[in-house]
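The structure appears right after this line, and notes come after that.
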Ligand SMILES: [Zn+2]
C-alpha cells in the first residue's frame with residue numbers, strides 16, 4: 001500500500017463547484033475524503049502538501065486526441081505533464097492499442113488512455129484525406145488502405161463486433177462532406193451511418209461523429225448521434241442546427257484550436273503558446289515547430305469565427321459543450337496536453353464561457369458525456385487524478401498553465417518531483 005497523500009490549505013474546484021479553502025485526502029490511488037476545512041494526516045507516513053494561494057482541480061480530460069507511439073512518449077507522457085490525466089482517442093490503429101494501454105496502465109508518467117479504436121471508415125473517406133495530406137510515406141498509405149471500407153449493414157455488424165473485441169470505449173463515425181475543406185472525401189451514405197449508430201447503441205456503446213460542416217452536423221444529429229467531435233466552420237450557425245442539437249441532446253466537442261489551424265487563423269495564438277516558457281519546457285523542437293504551423297485544409301469560405309459563434313449559441317441554448325483538442329502527431333497546430341489549455345482559454349475568450357464553465361467542460365462534463373464514471377470530479381471514491389496550479393484559474397483561466405503538481409491515481413508525475421523533495 002502506497003503512503004497516503006494530504007493536500008491542504010488550497011482552493012478546490014471539484015469539477016462542479018468551488019471550495020474556497022479545503023483539503024483532499026488520497027489513499028490507494030483514490031480520493032478518500034474531501035473537506036471544506038482542514039483534515040488531519042491519518043498517519044506519520046502521509047505525504048502532506050500545504051499550498052495556500054494554489055488551486056486544486058480534477059485532472060483535465062482531453063476528449064479528442066489521436067495518439068501514436070514514440071520513444072519520447074510525447075503523447076501520453078507530454079499530456080500528463082500538462083495536467084491532462086486522461087486522453088480520449090478518436091480513431092486509432094488497432095495494432096497500437098496494446099502498447100498505448102500498457103503505458104496508460106503501468107507507467108505513472110503516462111496519461112490514462114480511452115479509445116474508439118478504429119473509426120468507421122469508407123474507402124476514400126475521412127480521415128484518409130487529412131492523413132495523406134501530411135504524410136505520403138508507403139507505410140502510411142498501406143495502413144490507410146487496410147482500414148475498413150464499410151458498404152452495408154453486414155459490414156457494420158462485423159465492424160462493431162471488432163470494436164467490442166478491441167474493448168473500444170465508444171464508436172467513432174466519420175461524416176466529412178468536404179463542404180468547408182479544400183479536399184473532397186467520399187461521404188458515407190446516411191443509411192450506413194444510421195446503421196453504425198443503431199448497432200453501436202444496441203450494444204450499449206456511445207457513438208460520436210466527426211463533421212466539420214453545418215450540413216454534416218445536421219445529418220448526424222438527425223440520425224441520433226450522441227455527440228459531435230468538432231463544431232463546424234463552413235458557415236455561421238442557424239436556428240435549425242441549434243434545434244437539431246436540442247432535439248437529439250447530443251453534446252458538442254468543438255475543437256476550436258484545431259479548427260483555427262484548419263483555417264490558419266489560429267497561427268498567431270499557436271505561436272504564442274509555443275513560446276510561452278510554461279509550455280515550451282515540456283515541448284521538444286519538433287513539437288514546437290508543429291505547433292507553429294497550420295493544417296491549412298479549409299477552403300476560402302470557412303472561418304473560425306463561425307465555429308466560435310456556433311459554440312456561443314449552443315452554450316446559450318443549454319447544449320453540453322466539452323473539451324477536446326484534436327491533438328495528433330502528424331497534424332499541425334496542436335500539441336498534446338498544451339492544446340487542452342489553449343482550448344479552455346478559447347472557450348473563455350471567444351465563446352462566452354466563464355472560467356468555471358470552461359473548467360467544467362474539461363473535467364466533470366466531458367467525463368459525464370463520454371461515460372467515464374470514475375473520474376472528472378474531486379469527490380470521495382473517484383480516481384485521485386489531480387492538478388495543482390498556482391493562482392486562481394476560476395478568476396483567470398490562464399492560470400491552468402501555472403502547473404505545480406499533477407497526480408494520476410495519486411501518483412505524482414515525475415516532472416513535479418521537486419514539490420515533495
Ligand atoms: Zn480527430
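Among the numbered conditions (1) in a loop (DSSP other than H, G, I, E, B); (2) within 15 Å of the ligand (Cβ to nearest atom), the only one that residue 265 does not meet is (2). Going through (1) outside any strand (DSSP E or B); (2) at pLDDT 95 or above one by one, residue 389 falls short only on (1). One residue stands out among those in the stretch 119-128 that are within 12 Å of the ligand (Cβ to nearest atom) and farther than 22 Å from residue 161 by Cβ: the one that is surrounded by the most Cβ atoms within 10 Å (Cβ to Cβ), which is 126. Cβ-Cβ distances below 7 Å connect no pair with a first residue in the stretch 324-351 that is under 16 Å from residue 114 (Cα atoms), a second residue that is within 15 Å of the ligand (Cβ to nearest atom) and modelled with pLDDT under 95, and a separation of six or more residues or different chains.
Here is a check on your reading of the model: is residue 39 closer than 30 Å to residue 208 by Cβ and either in a loop (DSSP other than H, G, I, E, B) or away from the ligand (no atom under 16 Å from the Cβ) (or both)? Full working, then the answer.
Values: closer than 30 Å to residue 208 by Cβ: no; either in a loop (DSSP other than H, G, I, E, B) or away from the ligand (no atom under 16 Å from the Cβ) (or both): yes.
Taking the combined requirement at face value, the residue does not satisfy it.
Restricting attention to the stretch 179-197, the residues being in a loop (DSSP other than H, G, I, E, B) and within 16 Å of the ligand (Cβ to nearest atom) number 3.
So, residue 314, is that one more than 15 Å from the ligand (Cβ to nearest atom), touching a strand residue (DSSP E or B) at 6+ places or on another chain (Cβ under 9 Å) and assigned by TED's automatic domain parsing to the domain that holds residue 231 or not? Considered against the rule, which asks whether it is more than 15 Å from the ligand (Cβ to nearest atom), touching a strand residue (DSSP E or B) at 6+ places or on another chain (Cβ under 9 Å) and assigned by TED's automatic domain parsing to the domain that holds residue 231, residue 314 comes out as yes. For the stretch 165-187, the count of residues that are buried (at least 16 other Cβ atoms within 10 Å of the Cβ), without any contact (Cβ under 8 Å) to a residue 24 or more places away in the chain and farther than 19 Å from residue 214 by Cα is zero. Where strands (runs of 3 or more DSSP E) fall wholly inside the stretch 43-115, the ranges with 3 or more residues that are within 16 Å of the ligand (Cβ to nearest atom) and assigned by TED's automatic domain parsing to the domain that holds residue 256 are 60-66, 84-89, 112-115.
Yes/no per residue for (1) in contact (Cβ under 8 Å) with a residue 24 or more places away in the chain; (2) within 23 Å of residue 66 (Cα to Cα); (3) more than 16 Å from the ligand (Cβ to nearest atom); (4) outside the structural domain of residue 208 (by TED's automatic domain parsing):
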residue	(1), (2), (3), (4)
225	yes, yes, no, no
229	yes, yes, no, no
232	yes, yes, no, no
235	yes, no, yes, no
240	no, no, yes, no
247	yes, no, yes, no
252	yes, yes, no, no
257	yes, yes, no, no
274	yes, yes, yes, no
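With respect to the conditions (1) without any contact (Cβ under 8 Å) to a residue 40 or more places away in the chain; (2) touching a strand residue (DSSP E or B) at 6+ places or on another chain (Cβ under 9 Å); (3) over 27 Å from residue 359 (Cα atoms), residue 216 lacks only one, and its number is (1).
Restricting the search to the stretch 295-314, which residues are part of a loop (DSSP other than H, G, I, E, B) and surrounded by fewer than 18 Cβ atoms within 10 Å (Cβ to Cβ)? Give the steps one after another, and end with the answer.
Filtering the stretch 295-314 down to residues part of a loop (DSSP other than H, G, I, E, B) leaves 295-297, 299-303.
Answer for the stretch 295-314, where residues must be part of a loop (DSSP other than H, G, I, E, B) and surrounded by fewer than 18 Cβ atoms within 10 Å (Cβ to Cβ): 296, 299, 300, 301.
Take the conditions surrounded by 22 or more Cβ atoms within 10 Å (Cβ to Cβ) and more than 19 Å from the chain's Cα centre (by Cα) and apply them to residue 116. Does it pass? So residue 116 does not fit the description; no.
Quick check on the stretch 129-147. Is at least one of its residues crowded, with 16+ Cβ neighbours inside 10 Å and not in a helix (DSSP H, G or I)? There is at least one residue in the stretch 129-147 that is crowded, with 16+ Cβ neighbours inside 10 Å and not in a helix (DSSP H, G or I).
Among 376, 405, 391, which is in contact with a helix residue (DSSP H, G or I) (Cβ under 6 Å, 6 or more places away or on another chain), under 26 Å from residue 286 (Cα atoms) and away from the ligand (no atom under 16 Å from the Cβ)?
Working: 376 fails: under 26 Å from residue 286 (Cα atoms); 391 fails: under 26 Å from residue 286 (Cα atoms).
Being in contact with a helix residue (DSSP H, G or I) (Cβ under 6 Å, 6 or more places away or on another chain), under 26 Å from residue 286 (Cα atoms) and away from the ligand (no atom under 16 Å from the Cβ) holds for just one of 376, 405, 391, which is 405.
Filtering the stretch 198-213 to residues that are surrounded by 24 or more Cβ atoms within 10 Å (Cβ to Cβ) and away from the ligand (no atom under 16 Å from the Cβ) leaves only 200.
Take residue 405 and tell me if it is buried (at least 22 other Cβ atoms within 10 Å of the Cβ) and either under 18 Å from the mean Cα position of the chain (by Cα) or more than 18 Å from residue 342 (Cα to Cα) (or both).
Working: buried (at least 22 other Cβ atoms within 10 Å of the Cβ): yes; either under 18 Å from the mean Cα position of the chain (by Cα) or more than 18 Å from residue 342 (Cα to Cα) (or both): yes.
Judged against the criteria, residue 405 is a match.
The values are calculated or read from the model by the stated rules, or taken from the named source; none is laboratory data. Predicted model only: the values in this text are computed from it and were never measured. Reconstructed Cβ throughout: ideal geometry from the backbone, glycine too, with neighbour counts over all protein chains shown.
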